[in-house]
Each structure stands twice: as structure tokens, then as C-alpha cells.
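Okay, so here's the structure we're looking at.
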Amino acid sequence: MGLGRPEARELESLEAELSRRDTFCKEQQERIERKNVEMYKLSSQQFHEAASKMEGTIKPRRIEPVCSGLQAQILRCYRDHLQEVLLCSDLVKAYQHCVSAAHKG
């Protein structure tokens, strides 16, 4: 037994409505995806701008050791004066001053 004419029209109407809703949903999804892409690009651009700005304010790290000459002299002094390490105090003070000055940049 086949569908009668009123049932066929109702089915066609339902299929047309489903098709419209499907099209609407796809359009909405595409719109949301475009918005997401725009937001990602904007966020990425803002991040890179902020990172570039901060790079300009951060001092580059020193790679070479600071005050290595004084450090070597202190170690030598300690070795030479195992029982009288206070004799090395002037070198230690100079080393502390050197490190402090290097830290301040």
C-alpha cells in the first residue's frame, strides 16, 4: 500500500523543512568557524605584539661567566691559605662587588 497524496505532500513538506534547517545549521556553523578564525588571528597578533614589546624591555642574559678572574683568584687564595682563609676576605669583597655590579647591569 503506497502513500496517499496528502501524506506525500506532508512528507515533502517535512523534508523541505529539514533541508532548510540543515542549510541554516550549516550556515551558522560556517559563521561560527569564521568568527573563531578571526578571533584566533586577533589573539595571535596581540600575543606577538605583546611578546615583541616585552622582548624590548628584558635585558639579554649574559652567557659568559661574570667575574671569573676574581673567582679563580679566590679559589687559589683558599688553596694557598687553608688555615687562614680570612686572608682572602679582600678578594671575596671584590668578588661580591663585581657580581653585584654585573647583576645591576
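Identify all residues within the stretch 38-74 that are surrounded by 10 or more Cβ atoms within 10 Å (Cβ to Cβ) and outside any helix (DSSP H, G or I); write none if there are none.
Hits for the stretch 38-74 are Arg62, Val66, Cys67.
Could you tell me which of the residues Cys98, Cys77 is hydrophobic (A, V, I, L, M, F, W, C), in a helix (DSSP H, G or I) and either in contact (Cβ under 8 Å) with a residue 24 or more places away in the chain or in contact with a strand residue (DSSP E or B) (Cβ under 7 Å, 6 or more places away or on another chain) (or both)?
None of the others qualify; the one that does is Cys98.
(1) in the same structural domain as Lys104 (by TED's automatic domain parsing); (2) more than 16 Å from Val99 (Cα to Cα); (3) of a type in the set (S, T, N, Q): which one isn't true of Gln46, the others all being true?
(1)
The values are calculated or read from the model by the stated rules, or taken from the named source; none is laboratory data. All values reported here derive from a predicted model rather than from experimental measurement. Cβ sites come from the backbone with ideal geometry, for glycine too, and all protein chains shown count toward neighbours.
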